[in-house]
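Below is one structure, written out as structure tokens; the observations come after it.
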Amino acid sequence: MSRRIFYNNRGVAHIYQRGYNMSVLFYSVKDILVFYTLLYKFSKKHGIRILGVVCMYNHYHLLVVARSQENISTFMREFESAFSREFNKSIGLKGRVVIRAYGLSNKMGEKKQREAAAYLYNNPVEKQLSIKAIEYRWNFLAYAKSDHPFSKRIYLSKASSQMRRCLKEVNVILQSGSFINYDFLRKWFLILNRDEIHQLVDQIIVKFKVVDYEELIRLYGSYEKMLIAFDSNTGSEHDIKEDYSEKSYKPYNSLMKLLLNELGFSDPKEVLRLSNGKRRELCESLLESHRTSRFIAETLLHLHKIKPKRKKQE
């Protein structure tokens, strides 16, 4: 029986979703930008306000305000269906990408909402991907006060013709109400240099503004107080049970670089095109030569299997 999820529209919903069998969802910036711009599209379509989002390799968290439980259900169904379709299409595969039922906890009152926000934004700190919440690019916190936190400012008069063309296409996509797909990202990343790619990524995140930073900051009184609160308190979440995973996600970083720099993949996600047997061989190689855990290696290669819980006997 599927679990029942309740939402009260006087509160803030903390949504937790993971990859199927805890498998990796975000292999590169391309996966994150497709996810992020789809989130923008469907949150606008369904009138969902988002106070927080963080992408964490094999799972993600959202803080949302909605009209009703049905509003959230429709939004999540369409959003996740679209992301799964794009994820699979990008590598020519089929199959489930995320689990069937997401976790949801309703946070009533500003104290509970601040605790949930601190938990979400500090998830990368807890998983050892950053020292402070604001240093992690994919919780989008740094964009609350800067339109280029991870790149140099763009001056259109000095920008290359390739950059200007990319920015123009981003604006066209935004105005059309669509999202940025893998084909656009591959094309743009091929014609831009490293610094320009970082600039373009910052511009996409700013233009497709997903997070209602004003409402988030209101919970704390000021931006400065919010950062102090995040740095001093990682928050808590007792209502959503996250499945077992490693304490540190740092090994994912090094394994992604390994796939690119040593194993010759042009995109880390291309490893999923290998046969099951080849991925098994690679998994054992990673365990032997790179001292990574079986959980990290198997979820990276979509080999991990979660055993079904045994039913208690009467």
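Remarks
- Across the stretch 120-140, the number of residues qualifying as of a type in the set (A, V, I, L, M, F, W, C), free of Cβ contacts under 8 Å to residues at least 24 places away in the same chain and over 15 Å from Y249 (Cα atoms) comes to 0.
Rundown of residues vs (1) hydrophobic (A, V, I, L, M, F, W, C); (2) buried (at least 21 other Cβ atoms within 10 Å of the Cβ); (3) at pLDDT 95 or above, yes/no style:
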position: A82; (1), (2), (3): yes, no, yes
position: S90; (1), (2), (3): no, yes, yes
position: G103; (1), (2), (3): no, no, no
position: K112; (1), (2), (3): no, no, no
position: L141; (1), (2), (3): yes, yes, yes
position: A144; (1), (2), (3): yes, no, yes
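- In the stretch 69-80, residue farthest from F42 (Cα to Cα) [restricted to those that are of a type in the set (D, E) and surrounded by 14 or more Cβ atoms within 10 Å (Cβ to Cβ)]: E80
- So S151, is it free of Cβ contacts under 8 Å to residues at least 40 places away in the same chain and assigned to a loop (DSSP other than H, G, I, E, B): no
- Residue check, R218 crowded, with 16+ Cβ neighbours inside 10 Å and assigned by TED's automatic domain parsing to the domain that holds F26: no
- Exactly one residue out of R10, R49, R96, R18 is closer than 28 Å to L219 by Cα, in contact with a helix residue (DSSP H, G or I) (Cβ under 8 Å, 6 or more places away or on another chain) and of a type in the set (K, R): that is R49.
- Residue that is small (G, A, S) and without any contact (Cβ under 8 Å) to a residue 40 or more places away in the chain, where the choices are S84, S105: S84
Each row is one residue, and each column tells you yes or no for (1) surrounded by fewer than 23 Cβ atoms within 10 Å (Cβ to Cβ); (2) not charged (D, E, K, R).
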{"residue": "I32", "(1), (2)": "yes, yes"}
{"residue": "L39", "(1), (2)": "no, yes"}
{"residue": "F42", "(1), (2)": "yes, yes"}
{"residue": "K45", "(1), (2)": "yes, no"}
{"residue": "R49", "(1), (2)": "yes, no"}
{"residue": "G52", "(1), (2)": "no, yes"}
{"residue": "Y57", "(1), (2)": "no, yes"}
{"residue": "H61", "(1), (2)": "no, yes"}
{"residue": "R67", "(1), (2)": "yes, no"}
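- Residue satisfying condition, being touching a residue at least 40 places away in the same chain (Cβ under 8 Å), outside any strand (DSSP E or B), more than 19 Å from Y182 (Cα to Cα) and in contact with a strand residue (DSSP E or B) (Cβ under 9 Å, 6 or more places away or on another chain), within set F26, F6, F35, F75: F6
- Residue among K187, K89, K111 that alone is in contact (Cβ under 8 Å) with a residue 60 or more places away in the chain and part of a helix (DSSP H, G or I): K89
- Whichever residue in the stretch 3-42 is touching a Phe, Trp or Tyr at 6+ places or on another chain (Cβ under 7 Å) and polar (S, T, N, Q) and, among such residues, is nearest to N71 (Cα to Cα): Q17
- Qualifying residue in the stretch 58-72 (condition: without any contact (Cβ under 8 Å) to a residue 40 or more places away in the chain, of a type outside the set (K, R) and within 21 Å of T299 (Cβ to Cβ)): no
- Every listed requirement among (1) within 28 Å of L282 (Cβ to Cβ); (2) at pLDDT 95 or above is met by S245 save one, (2).
Residues checked against (1) crowded, with 16+ Cβ neighbours inside 10 Å; (2) touching a strand residue (DSSP E or B) at 6+ places or on another chain (Cβ under 7 Å); (3) modelled with pLDDT under 95; (4) within 26 Å of G103 (Cα to Cα):
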residue	(1), (2), (3), (4)
S151	yes, no, no, no
L200	yes, no, no, no
K209	no, no, no, yes
Y213	yes, no, no, yes
I228	no, no, no, no
H238	no, no, yes, yes
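Let's see how each residue does on (1) assigned by TED's automatic domain parsing to the domain that holds H198; (2) small (G, A, S); (3) over 18 Å from the mean Cα position of the chain (by Cα):
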{"site": "Y20", "(1), (2), (3)": "no, no, no"}
{"site": "G47", "(1), (2), (3)": "no, yes, yes"}
{"site": "M76", "(1), (2), (3)": "no, no, no"}
{"site": "S90", "(1), (2), (3)": "no, yes, no"}
{"site": "K94", "(1), (2), (3)": "no, no, yes"}
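- For the stretch 65-82, the condition holds for at least one residue, the condition being that it is among the aromatic types (F, W, Y), over 24 Å from N253 (Cα atoms) and in contact with a Leu (Cβ under 7 Å, 6 or more places away or on another chain).
The values are calculated or read from the model by the stated rules, or taken from the named source; none is laboratory data. Source: prediction; values computed, not measured. As a convention, Cβ positions derive from the backbone with ideal geometry for all residues, glycine included, and neighbour counts pool all protein chains shown.
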